Ligand SMILES: Cc1cc2nc3c(=O)[nH]c(=O)nc-3n(C[C@H](O)[C@H](O)[C@H](O)COP(=O)(O)OP(=O)(O)OC[C@H]3O[C@@H](n4cnc5c(N)ncnc54)[C@H](O)[C@@H]3O)c2cc1C
Ligand code: SF4
C-alpha cells in the first residue's frame, strides 16, 4: 500500500491539467482493497499487446492518440488498454446490424485508415504528420453513409468509445480533470456547489487564468489548424 | 426518519434484517443453509431471472410456502469482493453477451439497460422509483395513442405502497399523478440536484427531491448512503436497493433456492402445459421440473427465450400464435443536457438520482404531441460524461478541453414516453452465442410523436440549466430503460399475458418482468415491475389454494 507511485505526484497526460498538484491517488489508502488493486494495476502494469499485429498496432496507436489529442509524454497507454479489451472480447454488449463484431470492425477500419492515408499522402497513417493524420481522421468523421464497407458514423462511435473509456478510466486523466475518483468506504461529505472536500484541489492553474469560453475557442482554433478545417471554424 | 412501522414491513419481508451488520455485506450463513432441490423434484415454481420481477416473485411465493427455484444466467454477487468504485471495472455487471441492434434509431445495450446476475439490472440501476400515473393505464382511451392496460392504477396501488416500504423509497410528498407520500424523508441534495432545484425555482416549476430507493435513516441492517456517487457501479455500501438485498434474503429464509450461472434456453411445454426449463450450467445441460414456470429475463431475453422455445406445437415460438412475442418493445427517449457553470459543481458527489420534475408528464392539448416527459438529474462519471462531449463531434484537443472542465458541469436527463410500436422489437438473429443459441436482434425506430417529445424535453432542460446560471449547454441524444416485448392485454390477439401475467397460450406459464408493460409512461420502470410481480404472486397464492392451477 505504501508503495510509491511510478510518477511524480500530480502528473497529468502531456502535463496538461488545471488542478495544480492534485493527485487522485493521494486518497488511495481510503479506498477498498478491490478498487485499489484494480486501479493500481491499471497504472503499474501495462499489458503486452496480444490482439493487434505489429502494423495494426502502429496504426491503432496513432489513431487513438489523434482522437485523444495525446501528443506528448507522459501518455495514458490507451493502445495497450484497448488491445487488452479486444483480446478479452470485452464488448459493450451489442453490435450494429450493419457492422461486424467489434474485433473485426477494428481490424478492418485500421486497414481502411491506412488506405485513406496512402491515397492522400502516399504514406501509411502512422507515418503521416500530425496535421495529415488530423485530416484523415476528420475525413472519416465527416463522411456521410458508407466509408469503404462500413457505416462511417458507427466506425466513429466504435473508435471514440474505446478510446475515451480507456483514457478516462486512467488515474493520470483523473488528475487532469480534477475527478475525486473512487470513494468507498470514505464517501463524500461536502456536497454544495462551489465547495470542496479538504483534499480536493481547486480548479485553475495559477499561470493560466483564461476564461472557459476563450480556452474552448483556442482549442477549437488549434484543432482546426490540425485538421485543415480552419475555414469552417472561424 | 422513518414514518411507517418497520414491524409491518418485517412481517411481510425481512430481507433488510437478514443482511449482516458489521464489516460484511453478505449473509454467508443464509447462503450456506440454502435449501436445495433435485432436478427430478417437481418444484411448485421455477423462475427464470433473479432481477426486479423474478426476485420479487420468488420472495413472495417462498414466503407463502411454495417450493421455488430461481435461476439466473449471471453470478451471485458479493458486493465486498465483486464490486468496485470504478466505471471501467464494472463491465461484468452488464449483460454483454452478443446482441444485434438495428432500425432507424438503434438502442445501445449493455451498461445502458441490461444487468446480468442475481439482483438483475437493479444492481446497477440509478435508484429512481417513481410510480406511473393513473393516466398511463389508459392512454388509448384518453389520448388516442399507445394502449390501454387490462388493469388500472388502483389495481396496482396497494403493491406500489408495499414495495415502496420494502425498498424503502425516500422522497418529498409527491404532488403528481396520484398524490402520495414516501416512507422515508428526502435525502440532502448534492451539487447537481442543487443546480436543478435552483433552475426550477427560477422558472416557477415544481421539482421534488426523490423518490430514490435509498433508505434515509435506520432500516434493518442496511447501511446509510455515504454519498459516493457510484450507484451505477453497484452499491458496495448496501444502501441502494436491489433485489439482492431487498428480496433474495427473505426468499432464502423461506426455502427458495437460487441457482446462479444457469442460462435457460428452453421452456419445455408438452400437452399444452409447461413442464420445466432446460438450462446450461458450466457447459452441461440440465432440466428442472416444475408445476409452474415464470419467465423474468427482461425485455430482450424473455422474448428471445420464448422464441428459442419453439416446438411443433408452437412453430413460431412459444406463446407466439398471434405474433405478439417480442413486439412493442419500448425505450424511453432520454436526452441529457449538460450546463456549464462558473462555480465548481463536482457532480460526481452524492447519488446520481436526486430531483424529479413531472410537470410535463401528461398530454398538454396546447402542444403538437401526445403524452409527455419527466426531468431528473443524472450525474455521469468521467467515462460516461466523455460520451456527452464526443456526441458534440468533439475530439482531440477540443474534447480534452471540455473534459478538463468536468467539475464545472451539471447534467439533467429526461425520460420521454416513446410510444409502443408493433415494428419495434426482438427477433432472432443469425449470430450465435457461446452456447450456440441464436442471439437477439432488437430493432428500434422512432415515430413522429417521439421526435417532438424529445425536442420539447431538451428545450425544457436547457431552460432550467440556463435559469440556474449555465453559460453553455450541450445535449446528447440517448435512450434509457426497456419495457414491453410480451405485453399484457385483454385478449390473446393483442398481447402475450393476461391481467394476472399468465400467458394466454399456456395456463401454468407466466411472464413477470418489464416485458409485460403495454406502455411506459415517463417513470423509471423498476418499481412498477416489482409491484406487478407482487400482484401476480397474490394471484398465484389465491388461485393455487382454490385449486385453479391443477391440470
Ligand atoms: C444503468 C441503468 C440505470 C437504471 N436506472 C433505473 C432507475 O433509476 N429506476 C428504475 O426504475 N429503473 C432503472 N433501470 C431499469 C431497471 O433496472 C430495470 O427496468 C429492471 O431491473 C428490469 O427488471 P426485470 O425483472 O424485467 O429484469 P432484470 O432486473 O434485468 O432481471 C433479469 C435477470 O434475468 C437474467 N436472465 C435473462 N435471461 C436469462 C436466461 N435465459 N436464463 C437465466 N437468466 C436470465 C439476467 O441475468 C437478469 O439478472 C436502470 C437500468 C440501468 C441498466
Ligand atoms: S451514492 Fe449512496 S446509494 Fe449510491 S452507491 Fe454510493 S452509497 Fe450507495
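Read-outs: derived from the displayed coordinates by stated rules, not from any lab. Since the structure is predicted, the reported quantities are computational estimates derived from the model, not experimental observations. Every residue, glycine among them, receives a Cβ derived from its backbone with ideal geometry; neighbour counts consider all protein chains shown.
Can you tell me the orientation of helix A:33-44 relative to chain A, as the angle in degrees between its alpha-carbon axis and the longest Cα principal axis, to the nearest 10?
50 degrees
Please check which bits of region B:95-119 a label hung off residue A:98 would reach, taking the label as a point 7 Å along Cα-to-C-beta and the cut-off as backbone N under 18 Å.
Taking a point 7 Å out along Cα→Cβ of residue A:98, the residues of region B:95-119 whose backbone N falls under 18 Å are B:100-109.
Would you kindly calculate the mean projected area, averaged across all directions, of the convex hull enclosing the Cα atoms of chain B, in square nanometres?
Dividing the Cα hull surface by four gives the mean projection, 23.6 nm².
Among B:435, B:394, what is the fewest-to-most ranking by other Cβ atoms within 10 Å?
Arranged by neighbour count, lowest to highest, B:435, B:394 become B:435, B:394.
Could you work out the mean count of beta carbons from other protein chains within 10 Å of each residue's beta carbon in B:338-348?
Per residue, the number of nearby Cβ atoms from other chains is 4 on average.
Show that you can apply the helix-only estimate: for the protein assembly as shown, add -39,500 (n - 2.57) for every DSSP H stretch of four or more residues, divide by all residues, and state [θ] at 222 nm to the nearest 500.
It comes out at -10000 deg cm²/dmol, rounded to the nearest 500.
Label-point separation (nm) for residue B:206 and residue A:48, each offset 7 Å from Cα along Cα-to-Cβ?
Each label point is offset 7 Å from its Cα along the Cβ direction, giving 6.5 nm.
Please state the relative contact order of region B:1-121 as a whole percent: Cα pairs under 8 Å, 6+ residues apart?
About 24 percent, as a whole number.
For chain A, modelled as a GNM with alpha-carbon contacts under 10 angstrom, which of A:77, A:198, A:13 fluctuates the most?
In this elastic network of chain A, the residue with the biggest mean-square fluctuation among A:77, A:198, A:13 is A:198.
Which whole-number percent is the relative contact order of region A:1-203 (Cα, under 8 Å, 6+ apart)?
34 percent
Taking a spot 7 Å from the Cα of residue B:434 along the direction of its beta carbon, which residues of region B:63-80 have an amide N less than 19 Å from it?
Residues B:71-78 qualify, since their backbone N sits under 19 Å from the label point.
Could I get the Rg over Rh figure for region A:143-208? Both from C-alpha atoms, Rh via Kirkwood, rounded to two places.
Details: Rg = 18.6 Å, Rh = 15.4 Å.
Expressed as Rg/Rh, it is 1.21.
Given points 7 Å out from each Cα along the Cα-Cβ axis, report the residue A:118 to residue B:367 separation in nanometres with one decimal.
With each label placed 7 Å out from Cα toward Cβ, I get 5.4 nm.
For residue B:271 and residue B:36, what is the calculated FRET efficiency with R₀ set at 30 Å and r taken between the beta-carbons, to the nearest 0.05? Display every interim value, and only then the final one.
Working: r = 29 Å, r/R0 = 0.97.
So, using R0 = 30 Å, E works out to roughly 0.55.
Place a point 7 Å from the Cα of residue A:204 along the Cα-to-Cβ direction; which residues of region A:1-30 have their backbone N under 17 Å from it?
Residues A:17-22 fall inside that zone.
In degrees from 0 to 90, rounded to the nearest 10, what is the angle of the helix B:526-545 Cα long axis to the longest principal axis of chain B?
With rounding to tens, the tilt is 20 degrees.
Using 0.36 nm times the number of residues separating residue A:30 and residue A:72, minus their current alpha carbon distance, what extension gain do you get?
Using 0.36 nm per residue and subtracting the Cα-Cα distance, I get 12.0 nm.
For chain A, set up a Gaussian network in which alpha carbons nearer than 10 Å are linked by springs, and say which option among A:89, A:61, A:180 fluctuates the most.
With Cα springs under 10 Å in chain A, the top fluctuation among A:89, A:61, A:180 is at A:89.
For region A:2-81 and region B:55-129, compute the distance between their C-alpha centroids and round to whole Å.
Spelled out, the Cα-based centre of one part sits 30 Å from the other.
Would you mind calculating the relative contact order of region B:6-544 from Cα pairs under 8 angstrom and at least 6 residues apart, reporting the percent as a whole number?
23 percent
Restricting the calculation to Cα positions, tell me the Rg (one decimal) and the Dmax (whole number) of chain A in Å.
When restricted to Cα atoms, chain A yields Rg and Dmax of 19.6, 57 Å.
In what order do B:345, B:195 fall by count of nearby beta-carbon atoms within 10 Å, going from fewest to most?
Final ranking by Cβ density, sparse to dense: B:345, B:195.
For region B:213-275, count the residues as N, evaluate 2.2 N^0.38 Å, and divide the Cα radius of gyration by that value, please.
In units of the globular-protein estimate, region B:213-275 measures up at 1.64.
Using a simple spin-label model with points 7 Å from Cα along the Cα→Cβ vector, what separation in nm is obtained for residue A:222 and residue A:129?
1.8 nm
I need A:59, B:139 ordered by Cβ neighbour count within 10 Å, fewest first.
Ordered from fewest to most neighbouring Cβ atoms within 10 Å, A:59, B:139 come out as A:59, B:139.
May I ask for the angle, rounded to the nearest 10°, between helix A:212-227 and the longest principal axis of chain A, with both axes built from Cα atoms and the value confined to 0 to 90°?
The angle comes out at about 30 degrees.
Compute for the protein assembly as shown: radius of gyration divided by Kirkwood radius, i.e. Rg/Rh, restricted to C-alpha atoms, rounded to two decimals.
Using Cα coordinates only, the ratio equals 0.96.
Counting partner chain Cβ atoms within 10 Å of every residue's Cβ in A:169-181, what's the average? Mind dumping the intermediate values first?
Numbers: counts 8, 2, 0, 0, 6, 2, 0, 5, 10, 8, 8, 7, 5.
Mean number of neighbouring Cβ atoms from other chains: 5.
Hey, got the average number of other protein chain Cβ atoms within 10 angstrom for residues in B:225-235?
Neighbouring Cβ atoms belonging to other protein chains average 3 per residue here.
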